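Trainee: Got a structure for you, written out below as structure tokens; questions coming shortly.
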Amino acid sequence: GAVTRPMSALALNSLALTRPARLRATKANGRAATKARVSVVVKAANADLKFDDDWKKSSVAVHLASLFGWVIPSASPCPAFEDNASLFAVFSERISANLANFPQGPAADDKIWLYMLTWHMGLFACMMFGQIGVQARKQGYFK
């Protein structure tokens, strides 16, 4: 398999900035002009260091836990909705109402778009932060 190294192994070996070399050029009017040239040389720490193909290291357990970690709070009552309903309940209700008119899709001003965007943004945020937390723990960030 591929050899993976921690991100700290990607540190630069050296960064060299050479002093400006003064170049003299003669303009058409006979006066000399000075131009400066700066060069930057960057050398990587290890030439055979490969990019990790499994960079996101996703875990099914994290995805399932984050799904339940978002469905449960989104199913709790919220005073912002009518009858103190939950986001999950109003989203499910709009899905059912739109499926009743199946061949015809939802209108552009239908509330399903707002509910869908809100619910999925919360879900993906839970998945992302859950994945970050699990990988950080595995890599020893929390000691």
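The values are calculated or read from the model by the stated rules, or taken from the named source; none is laboratory data. Worth saying up front: this structure is predicted, and the values here are computed from it rather than measured. Glycine gets a Cβ as well: all are built from the backbone with ideal geometry, and neighbour counts include every protein chain shown. Keep in mind that these areas ignore ligands, DNA and RNA; they rest on the heavy atoms of the full protein, side chains included. Shrake-Rupley method; radii C 1.70, N 1.55, O 1.52, S 1.80 Å.
Trainee: R22 - would you say it is at pLDDT below 95, open to solvent by 60 Å² or more (accessible area, probe 1.4 Å) and in contact with a Ser or Thr (Cβ under 6 Å, 6 or more places away or on another chain)?
Mentor: On the way: at pLDDT below 95: yes; open to solvent by 60 Å² or more (accessible area, probe 1.4 Å): yes; in contact with a Ser or Thr (Cβ under 6 Å, 6 or more places away or on another chain): yes.
For R22, the condition - at pLDDT below 95, open to solvent by 60 Å² or more (accessible area, probe 1.4 Å) and in contact with a Ser or Thr (Cβ under 6 Å, 6 or more places away or on another chain) - is met.
Trainee: Does I132 qualify as being over 23 Å from the mean Cα position of the chain (by Cα), open to solvent by 60 Å² or more (accessible area, probe 1.4 Å) and of a type outside the set (D, E, K, R)?
Mentor: Against the criterion (over 23 Å from the mean Cα position of the chain (by Cα), open to solvent by 60 Å² or more (accessible area, probe 1.4 Å) and of a type outside the set (D, E, K, R)), I132 does not qualify.
Trainee: If I ask for residues that are in contact with a helix residue (DSSP H, G or I) (Cβ under 8 Å, 6 or more places away or on another chain) and under 17 Å from A75 (Cα atoms), which ones from the stretch 99-124 would you list?
Mentor: I112, Y115, M116, T118, W119, G122, L123
Trainee: Still on this structure, please answer the following. Looking at (1) open to solvent by 100 Å² or more (accessible area, probe 1.4 Å); (2) in a helix (DSSP H, G or I), which one does K56 not meet, given that it meets all the others?
Mentor: (2)
Trainee: In addition: What pairs come up if the first residue lies in the stretch 78-102 and is over 17 Å from T118 (Cα atoms), the second is among the acidic types (D, E), and their beta carbons are under 9 Å apart, counting only those six or more places apart or on different chains?
Mentor: So the pair list comes out as A97/D110; N98/D110.
Trainee: Which residue pairs have Cβ atoms under 9 Å apart, sit 6 or more places apart or on different chains, and have a first residue in the stretch 123-142 that is farther than 20 Å from L67 by Cα and a second that is at pLDDT below 95?
Mentor: K138/K57; Q139/P6; Q139/M7; Y141/Q135; F142/G133; F142/A136
Trainee: Something else about it: Which of the residues spanning the stretch 109-123 are modelled with pLDDT under 95 and surrounded by fewer than 13 Cβ atoms within 10 Å (Cβ to Cβ)?
Mentor: Answer for the stretch 109-123, where residues must be modelled with pLDDT under 95 and surrounded by fewer than 13 Cβ atoms within 10 Å (Cβ to Cβ): just D109.
Trainee: If Q104 meets every condition in (1) outside any helix (DSSP H, G or I); (2) open to solvent by less than 100 Å² (accessible area, probe 1.4 Å) apart from one, which number is that one?
Mentor: With respect to (1) outside any helix (DSSP H, G or I); (2) open to solvent by less than 100 Å² (accessible area, probe 1.4 Å), Q104 is out only on (2).
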